[in-house]
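All remarks here apply to the structure that follows.
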Amino acid sequence: AYTAEPFVPSRGGLDALREAAAGCRGCPLHRDATQTVFGEGDAGARLLLVGEQPGDQEDKQGRPFVGPAGRLLDRALEEAGVDPAQAYVTNAVKHFKFGRAGSGGRRIHKSPTQREARACAPWLAAELAAVEPELIVVLGATAGKALLGPSFRVTRERGAVLEREVHGRPERVVATVHPSSVLRADDREAAYQGLVSDLKVAARALA
Ligand code: URA
Ligand code: SF4
């Protein structure tokens, strides 16, 4: 099975993890992507946010949530009363998965499979162990399934503080939609307000 396991160092902090992740070949996604996009933020962050995978901009810049979804997320966090600077931000999958529109055309995001998310999970587990956040915010179904198991459903679990075992540790988790889904929604304003209201639950849990 695909797995990042042999690439994850057993010692060292976030810097050692980031350096090792740059050379990960635990699944085929490293082949077409530009680079590994590892998590970013303070090792002492109280909040850890988990997205799906880097997008086009993130793949080029090597940093999570720097594209349109990231800008929307930052705005929603601020509106909910969470300082984005106090959060550690990462993704369930560390390489950009994409197809091409036409021959050699624009890169189109493709959702990672459960297999790819499972392969990449050792990095997320190592980030969680290094940061030891007080609260995890799960952004969308891919992150939810990666952390809480395949039966996770955003619609059922969003907007509440869940107490769950995550990679063998008891954690508090708030789930919400992925910011990209807000950008695609028919009623963007309603979808955005839903995201903000879930993030307010996270802000209160940290207060
Ligand atoms: N979407 C994600 O899930 N993660 C990113 O880093 C950017 C967009
Ligand atoms: Fe490794 Fe994850 Fe990239 Fe696959 S997606 S190569 S498991 S870092």
For the subset of segment 1-26 comprising residues that are more than 12 Å from Trp123 (Cβ to Cβ), assigned to a loop (DSSP other than H, G, I, E, B) and more than 13 Å from ligand 2 (Cβ to nearest atom), which member is nearest to the chain's Cα centre (by Cα)?
-> Gly13
Subset tally (residues that are surrounded by 14 or more Cβ atoms within 10 Å (Cβ to Cβ) and either over 16 Å from the mean Cα position of the chain (by Cα) or outside any helix (DSSP H, G or I) (or both)) for segment 162-192 | 16
Limited to segment 47-61, what total is found for residues that are under 21 Å from Val131 (Cα atoms), within 16 Å of ligand 2 (Cβ to nearest atom) and not polar (S, T, N, Q)?
-> 4
Do we find a residue being without any contact (Cβ under 8 Å) to a residue 60 or more places away in the chain and touching a Gly at 6+ places or on another chain (Cβ under 6 Å) anywhere in segment 66-86?
-> yes
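Listed here are the residues, each with its yes/no results for (1) more than 16 Å from ligand 2 (Cβ to nearest atom); (2) aromatic (Phe, Trp, Tyr); (3) surrounded by 23 or more Cβ atoms within 10 Å (Cβ to Cβ).
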{"position": "Ala76", "(1), (2), (3)": "yes, no, yes"}
{"position": "Ala85", "(1), (2), (3)": "yes, no, no"}
{"position": "Asn91", "(1), (2), (3)": "no, no, yes"}
{"position": "Ala101", "(1), (2), (3)": "yes, no, no"}
{"position": "Gly105", "(1), (2), (3)": "yes, no, no"}
{"position": "Ser111", "(1), (2), (3)": "no, no, no"}
{"position": "Arg118", "(1), (2), (3)": "no, no, no"}
When segment 161-182 is examined, which residues are found to be more than 27 Å from Ala119 (Cβ to Cβ) and within 16 Å of ligand 1 (Cβ to nearest atom)?
-> Val182
Search result, residues across segment 37-51 that are crowded, with 24+ Cβ neighbours inside 10 Å and touching a helix residue (DSSP H, G or I) at 6+ places or on another chain (Cβ under 7 Å) = Val37, Gly39, Leu47, Leu48, Val50, Gly51
Got a sec? Which of Leu29, Leu72 is of a type in the set (A, V, I, L, M), touching a helix residue (DSSP H, G or I) at 6+ places or on another chain (Cβ under 7 Å), farther than 19 Å from Val131 by Cβ and within 16 Å of ligand 2 (Cβ to nearest atom)?
-> Leu29
Is it fair to say Pro64 is within 16 Å of ligand 2 (Cβ to nearest atom) and crowded, with 19+ Cβ neighbours inside 10 Å?
-> yes
Are there any pairs, at least 6 apart or on different chains, whose C-beta atoms fall under 6 Å, with the first in segment 88-110 and free of Cβ contacts under 8 Å to residues at least 12 places away in the same chain and the second assigned to a loop (DSSP other than H, G, I, E, B), and if so, which?
-> Gly99/Lys110; Ile108/Ala101
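Residues checked against (1) of a type in the set (D, E, K, R); (2) in contact with a strand residue (DSSP E or B) (Cβ under 7 Å, 6 or more places away or on another chain); (3) in a helix (DSSP H, G or I):
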residue: Ser103; (1), (2), (3): no, no, no
residue: Ser111; (1), (2), (3): no, no, no
residue: Arg115; (1), (2), (3): yes, no, yes
residue: Ala119; (1), (2), (3): no, no, yes
residue: Ala129; (1), (2), (3): no, no, yes
residue: Ile136; (1), (2), (3): no, yes, no
residue: Ala146; (1), (2), (3): no, no, yes
Segment 64-77, subset touching a Phe, Trp or Tyr at 6+ places or on another chain (Cβ under 9 Å) and within 20 Å of Lys94 (Cβ to Cβ), residue nearest to ligand 1 (Cβ to nearest atom) = Pro64
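Here, each number is a calculation from the coordinates, and none is a lab measurement. Here the structure is a predicted model, which means the values were calculated and not measured. Cβ sites come from the backbone with ideal geometry, for glycine too, and all protein chains shown count toward neighbours.
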